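Chemist: First, the structure itself, so that you have it in front of you.
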Amino acid sequence: MGRLQALGEIGALAGGGVCRLALSEEDKAGRDLVVSWMRELGLDIRIDKIGNIFATRPGTFDGPAVMTGSHIDSVKTGGVYDGALGVLAGLEVVETLNEQGIQTHHPLTVAAFTNEEGARFAPDMMGSLVFVGGMSVEEAYEVVGIDNKSVRECIESIGYDGKQECGQTAVKAFVEIHVEQGPVLEAQGITIGAVEQVQGISWQEFTVTGVSNHAGTTPTNLRQDAGYAACQVACKARQIAEQYGGYQVATVGVMNFEPNLVNVIPNKVSFTVDLRNTDEQVLQEAEQELADFIEMVSRQQRVDVKSRRLARFEPVNFSQKVVAKVKQAAQELNLSVKRMPSGAGHDAQMLARICPTGMIFVPSAGGISHNINEHTDSKDIEAGANVLLGVLLDLLDTK
Ligand code: GLV
Ligand code: MN
Ligand code: MN
């Protein structure tokens, strides 16, 4: 809890929460602090070319490590637990093993992955995606963020462009603890989520181009109003979510108007659409329905619409063996536990491509996250960290 609080002071926002956008000066300060703790714990620290930090406690045999971890970057209005919990609970496990003098067969690696949020540079989960070979470092370096700076420029400027080639480390299994970021555990009075699945994510950016004209003199039927067209699409995204129901969600989180003046019809609007579903087929249908609607709006409003893919990840199922271990570790501690899907994206969904993977959720007060008021009770954090310890001890093999 002390480390969570100390890390939460870096990039702290008035009223609570943090702004530690990936590869920013605040991210660098957070990384430096986390690395100093890793050193104090006697861990062997490696940094790869995309800036992922790996801190390893050796085992009695020099084989693949069991890995845990998450991210310490945040959205602009982030809470102090999102990501940080997964990295710092990993360090807490290491500290416990050190204090108890426990030798493990497999090495244990605590990872802090670069740019999980994707709020500054798309796609999200960039560091773990590159680590598992889903994107090349060169391609990631070329990504330009919301402030028109590239990943290459920013990673070099904070000095976290490490030497290690990405993906060199073999991984026996991966377990990530994270706050739920949703309302389910709290509403049902359950302490631990054994996460079975992460829903698919589709991020697109659309740029609508119309014609600026006088707001007072231009008759409605003669307008080529980029703002109106963009808003029609935003409303359609919401309608799709409502009609499909179930796990389908849709969010328009960015919308920029040009010239953004009270008496000028907008000539250019760029906006993003985030669509998610646990079912790949349904997610594809939602994407298609939105695309068809955009084509119709483009024709009717006589505006041009260009689209750019920011991220696209299919739903991921975790290893039933690891999910069962999470459930068992919780039950051994007499904690209530339920199997559940994750609505948010996580580094674990990338690691699932290369090794047996699972996740542990702890409740989020009021289901609030990506908000400075994000909160998780310290007793739930302690419970979750103890579940993590149990699962890791099992995977690390202490015999
Ligand atoms: C990451 O936090 C995401 O799910 O957007
Ligand atoms: Mn997160
Ligand atoms: Mn997040």
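The values are calculated or read from the model by the stated rules, or taken from the named source; none is laboratory data. Here the structure is a predicted model, which means the values were calculated and not measured. Neighbour counts run over all protein chains shown; Cβ positions are idealised from the backbone, glycine included. Surface areas here come from the heavy atoms of the whole protein model, side chains and all, with no ligands, DNA or RNA. Shrake-Rupley method; radii C 1.70, N 1.55, O 1.52, S 1.80 Å.
Chemist: Which aspartates and glutamates have a Cα lying under 20 Å from the Cα of Lys163, excluding residues fewer than 8 positions away in the same chain?
Modeler: Cα-Cα hits under 20 Å: Asp27, Asp32, Asp44, Asp48, Glu138, Glu139, Glu142, Glu153.
Chemist: Could you tell me which of Val323, Gly83, Val211 has its Cα farthest along the dipole of the chain towards the positive end, charges placed at Cβ (Lys, Arg +1; Asp, Glu -1), taken about the Cα centre?
Modeler: The listed residue farthest towards the positive side: Val211.
Chemist: Over the chain, what lengths in whole Å, largest first, do the semi-axes of the equivalent ellipsoid take, defined as the square roots of 5 times the eigenvalues of the alpha-carbon gyration tensor?
Modeler: They are 40, 23, 19 Å, listed from largest to smallest.
Chemist: I would also like to ask the following. For the modelled label position 7 Å from the Cα of Ser150 along Cα-to-Cβ, which residues of the range 88-127 have backbone nitrogen atoms closer than 17 Å?
Modeler: 121-123
Chemist: Determine the calculated [θ] at 222 nm for the chain from helices alone, applying -39500 (n - 2.57) to every DSSP H run no shorter than 4 residues and normalising by the residue count; nearest 500 deg cm²/dmol.
Modeler: Values: 12 runs with 143 residues, N = 399.
Estimated from H runs of four or more residues: -11000 deg cm²/dmol.
Chemist: If you don't mind, another one. Gain in length, Ser157 to Thr96, computed as 0.36 nm per residue apart minus the alpha-carbon separation, to one decimal in nm?
Modeler: Residue separation times 0.36 nm, minus the Cα-Cα distance, leaves 18.5 nm.
Chemist: List the GluC sites (Glu not before Pro) in the range 28-97 that DSSP assigns to loop (not H, G, I, E or B) and whose Cβ has at most 15 other Cβ atoms within 10 Å. Which are they?
Modeler: Loop-located and lightly packed - none at all.
Chemist: As a test of reading the structure, rank Arg3, Arg308 by solvent-accessible area (1.4 Å probe, protein chains only), most first.
Modeler: Solvent-accessible surface, decreasing: Arg308, Arg3.
Chemist: Could you give the dipole magnitude of the chain about its Cα centre, charging the beta-carbon of Lys and Arg +1 and that of Asp and Glu -1, in debye to the nearest 20? Kindly include the intermediate steps, with their values, before the conclusion.
Modeler: Numbers: 33 positive and 51 negative charges, 90 e Å.
My answer is approximately 440 debye.
Chemist: Given the Cα atoms of the range 108-227, and with Rh set as the inverse mean 1/r over their pairs in the Kirkwood sense, what is Rg to Rh to two decimals?
Modeler: Ratio value, two decimals: 1.15.
Chemist: With point charges of +1 on the Cβ of Lys and Arg and -1 on the Cβ of Asp and Glu, referenced to the Cα centre of the chain, which listed residue (Val175, Thr68, Cys355) lies farthest in the positive direction of the dipole?
Modeler: Most positive-ward Cα: Cys355.
Chemist: Debye sum, Cα scatterers, the range 75-137, no solvent: what log₁₀ I/I(0) at q = 0.22 1/Å?
Modeler: -0.94
Chemist: Here is a further query. Less than 11 Å Cβ to Cβ from Ala324, Lys/Arg counted +1 and Asp/Glu -1: what total charge do the surrounding residues give?
Modeler: My count for the surroundings of Ala324 gives +2.
Chemist: While we're here: Which value results for Rg/Rh of the range 200-313 when Rg is the Cα radius of gyration and Rh the Kirkwood radius based on the inverse mean 1/r?
Modeler: 1.02
Chemist: Further question: Just need log10 I(q)/I(0) for the range 173-238 at q = 0.13, 0.19, 0.27 Å⁻¹, Debye formula, equal scatterers on the alpha-carbon atoms, no solvent, rounded to two decimals.
Modeler: Calculated log10 I(q)/I(0) at the listed q: -0.65, -0.89, -1.21.
Chemist: Of the listed pairs Lys149/Lys306; Lys236/Lys321; Lys76/Lys236; Lys28/Lys172; Lys149/Lys321, which have alpha-carbon separations greater than 32 Å here?
Modeler: Pairs exceeding the cut-off: Lys236/Lys321; Lys149/Lys321.
Chemist: Using the Karplus curve 6.51 cos²θ - 1.76 cosθ + 1.60 with θ = phi - 60°, what ³J(HN,Hα) values do you get for each residue of the range 63-73, in whole Hz, with x for Gly and Pro?
Modeler: x, x, 7, 7, 10, 9, x, 5, 9, 10, 6
Chemist: On to the next question. Roughly speaking, what % of Cα-Cα pairs in the range 249-399 are separated by over 24 Å, rounded to a whole number? Show your work: numbers first, answer last.
Modeler: Working: 6060 of 11325 pairs.
That tail contains 54 percent of the Cα-Cα pairs.
Chemist: What is the Cα coordinate range of the range 1-142 on the first, second and third principal axes, sorted by size from largest, in whole angstrom?
Modeler: Result for the range 1-142: principal-axis Cα extents of 42, 37, 18 Å.
Chemist: Now for a different question. Work out how much length Asp279 to Asp304 would gain on full extension: take 0.36 nm times their residue separation and subtract the Cα-Cα distance, in nm to one decimal. Walk me through the intermediate numbers first.
Modeler: On the way: separation 25, 0.36 × 25 = 9.00 nm, distance 3.10 nm.
My answer for the length gained is 5.9 nm.
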